[in-house]
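First the structure, in the form of structure tokens, and then the observations on it.
The values are calculated or read from the model by the stated rules, or taken from the named source; none is laboratory data. It should be emphasised that the depicted structure is a prediction, and the values quoted were computed from it without experimental measurement. Virtual Cβ from ideal backbone geometry, glycine too; neighbours counted across all protein chains shown.
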Amino acid sequence: MMADVSIECVGLDITLQQALAATIKRGRIAVAGIFSHPTSDMEMNDIVIGEKEIIGVIGYNYYFQTAINLVSKGIINANDFITAKIDIDDIVEKGFKELITDKDNHIKILVHP
């Protein structure tokens, strides 16, 4: 099953490639993730031949309801995106620094107050 719209919100080359692969012909990919480095690993032929549209978005106000619906219907399991759980006291070392130095192994780190 492929998506009409994919939202890349992690900022990794691999998740951008996955969003492209998961999107139907003439579909739209919204890139909301913040990339820590330039990326050139996009399959340009997939975009051209697939007539796909890539847009950049800052903020998620137009996509919250869609995401909430997908999670509430069980189509997406939000727990699959949580790659670590930390206490707020560890937010710098085990949160921010971990996302910068080991970004390929993390999607979202949940912070407990």
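Looking only at residues in the range 3-36 that are surrounded by fewer than 14 Cβ atoms within 10 Å (Cβ to Cβ) and not small (Gly, Ala, Ser), the one that is nearest to ILE76 (Cα to Cα) is ASP4.
Filtered by the rule that a residue be modelled with pLDDT of 90 or more and either surrounded by 14 or more Cβ atoms within 10 Å (Cβ to Cβ) or touching a strand residue (DSSP E or B) at 6+ places or on another chain (Cβ under 6 Å) (or both), the range 47-69 gives ILE47, GLY50, GLU51, LYS52, GLU53, ILE54, ILE55, GLY56. The set of residues in the range 17-45 being farther than 22 Å from THR101 by Cα and aliphatic (A, V, I, L, M) consists of ALA19, LEU20, ALA21, ALA22, ILE24, ILE29, ALA30, MET42, MET44. Looking at the structure I just gave you, is THR39 closer than 16 Å to VAL5 by Cβ, among the polar types (S, T, N, Q), surrounded by 11 or more Cβ atoms within 10 Å (Cβ to Cβ) and assigned by TED's automatic domain parsing to the domain that holds MET1? No; evaluated as a whole, the condition is false for this residue.
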